[in-house]
Structure formats: C-alpha cells, structure tokens
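Rule-based calculations on the coordinates, nothing more; no lab input. In this text the structure is predicted, and so the values were computed from the model without any measurement. Cβ placement follows ideal geometry from the backbone for every residue including glycine, while neighbour counts extend to all protein chains displayed.
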Amino acid sequence: MLNNRLRRRLFNHILMSVGSLALTVIFMHFFPKRDFISRLSIGTAYPALFLTAAALLLGPLNVLRQKPNPVSFDLRRDLGIWAGISALVHTAVGLNVHLRGRMWLYFLDTRHHLRRDTFGFGNYTGAVATLVFALLLALSNDISLRWLGVGRWKSLQRWAYAAVALTTAHAIAYQHVEKRSLPFQAVLYFLLLVVSIFQLAGIFKSRRTQASPQPDNYYSANGSAKGSS
C-alpha cells in the first residue's frame, strides 16, 4: 500500500504529465501550417518553459510567505523533473526541424566552421542547457541527495540557474530566428518578468530577515524574565 508521500508524488506526476501533454497539443494547434515535427518541436518548448518557471517560483513564494524553504521538497523536484523531460524531448525533436538528417549543421556551417550567427547561438545555448537539464534530472532523487550529501548536492543543483539563463538565451534567439509573432514573444517575456520579480523579491526578503536582529529569549536560563529586577 502506498504511503501518503508516494500517493502525493504519483498524483503530481500524473497531473504534470497530463498538463505537459495538454500544453503541447495546445501550442501545436497554434501552428497548423507547419509540418508535424515542427509543430511538435514548438509544442514541447512551452511546457518546458512553464514548468521551469513554476519550479523557480516556489522557493521565493515560500520565503515571501515566511514558510520553510528546505533544500529539496517534492513539488519543486517533480516540477523540475517534468521541466527536464520536456526540455530533452524538445531538443530531440528540434534537432530534426530545420536540417533533417544533418544535425551537425545546427552547430557548424557548410564549411565546417562554428556558426557565428543567431541560429548558431540559439543552438549552442540550447544544447548546453539540455546537458545541464540532464544532470539535474539525474540528481532529482533521494539516492543522489544521500550519496552526495546536502552541501554537494545543493551546489550541483545551483546549476539550475545556469540552465535557466541558457534556456532564456536560446528562447530569445529563436524568437528572432523563426520571427515569432508578438503574442508568443509576450508569453516568453511575461514569464521572464514574473520569475525575475519573484526571485529578486525572495532575495531581498531573505537578506532583510538575515540582517534583522534576533530578539533575546524572553526568559533566561533560570526561568526569570530578562531585565527584571
């Protein structure tokens, strides 16, 4: 029989998998003139963005609401898992959109030189972000946390911020490469704005809390009130 934590996580995974699939289908529907692979590539990009944004919002929300913000908790971990899965699927599909069967041309030009254009920049940042997401997926379990210890595990988990920065650069580059219409650009920049505001608010709140003087214990060790005669 499943315990409460396993039931809760199973529910999370079912909900997130269905939500990811629904978002993929919705965004594929917005590009009816494209072929299936192109639509699938676009469709899988947006669940990755939304799930990553949701995972990044949980920590600051806990800080702002003055709730415990542990090193790892299940909801953030599960959101991160599905963000990583969506990112990996998007990369696998996306490498077959523009240059079918010639994946190396995403990174090299026809003279086998590194690309120096926006297309190349978008692909480099996307590829490195995918590698980081793969690392984070490998760490997203209790076994890794116990084996590495909290300190090392947390230091590796901080690569999530690099993955987010690289994903942002990749997404912005592809807005230009594919000449995305204004509504789709607005979705991306709105997500970036919301996440940035909450991250900064969480940082300022944490620093203010740490800088605030801690009140003395009301009672001294012998049980008498401090400051009493």
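Show me 88-97, 11-20 ranked by packing, highest mean number of other Cβ atoms within 10 Å first.
Going from most to least packed, we get 88-97, 11-20.
At 0.36 nm per residue, and after removing the present C-alpha to C-alpha distance, how many nm does the segment from Trp104 to Arg5 gain when stretched out fully?
31.2 nm
Extent of region 82-150 along each principal axis, from alpha carbon coordinates, in Å, largest to smallest?
Computed over the Cα atoms, the extents are 48, 20, 17 Å.
Among Leu61, Ile42, Ala129, whose Cα sits farthest toward the positive end of the charge dipole of the chain (+1 at Cβ of Lys/Arg, -1 at Cβ of Asp/Glu, about the Cα centre)?
Value computed over the given set: Leu61.
What 222 nm value per residue comes from the helices of the chain, counting each DSSP H run with n ≥ 4 as -39,500 (n - 2.57) and dividing by all residues, nearest 500 deg cm²/dmol?
The per-residue figure over the chain is -25000 deg cm²/dmol.
For region 6-134, what size does the Cα cloud have along each of its three principal axes, sorted from largest down, in whole Å?
Principal axes ranked by extent give 55, 30, 24 Å for the Cα atoms.
So between Leu192 and Arg34, what do we pick up on full extension, going 0.36 nm a residue minus the alpha carbon distance?
54.2 nm
Using amide H atoms built in the peptide plane, which far-off residues or other-chain residues are under 5 Å from Leu108 H to H?
Counting only residues 5 or more places away or on other chains, the set is Arg115.
Straight-line reach from Lys33: which aspartates and glutamates have Cα under 15 Å away, leaving out those fewer than 8 places along the same chain?
Within reach: Glu178.
Using only the alpha-carbon atoms, how far is helix 118-139 inclined from the longest principal axis of the chain? Give it as 0 to 90 degrees, nearest 10.
Value to nearest ten degrees: 50.
Relative contact order, percent, of the chain when contacts are C-alpha pairs under 8 Å separated by at least 6 residues?
So the answer I get is 20 percent.
Here are labelled values, (i) 86, 46, 36; (ii) 44, 43, 37; (iii) 44, 39, 33, and one is the computed Cα extents along the principal axes in Å for what I pasted. Which one?
Only one listed value fits the structure, namely (i).
Each label point is 7 Å from the Cα along the Cα-to-Cβ direction; what then is the distance between the points at Arg111 and His13, in nm?
Each label point is offset 7 Å from its Cα along the Cβ direction, giving 5.1 nm.
With +1 assigned to the C-beta of every Lys and Arg and -1 to the C-beta of every Asp and Glu, and no other charges, what is the dipole magnitude of the chain about the Cα centre in debye, to the nearest 20?
With Lys and Arg at +1 and Asp and Glu at -1, about 180 debye.
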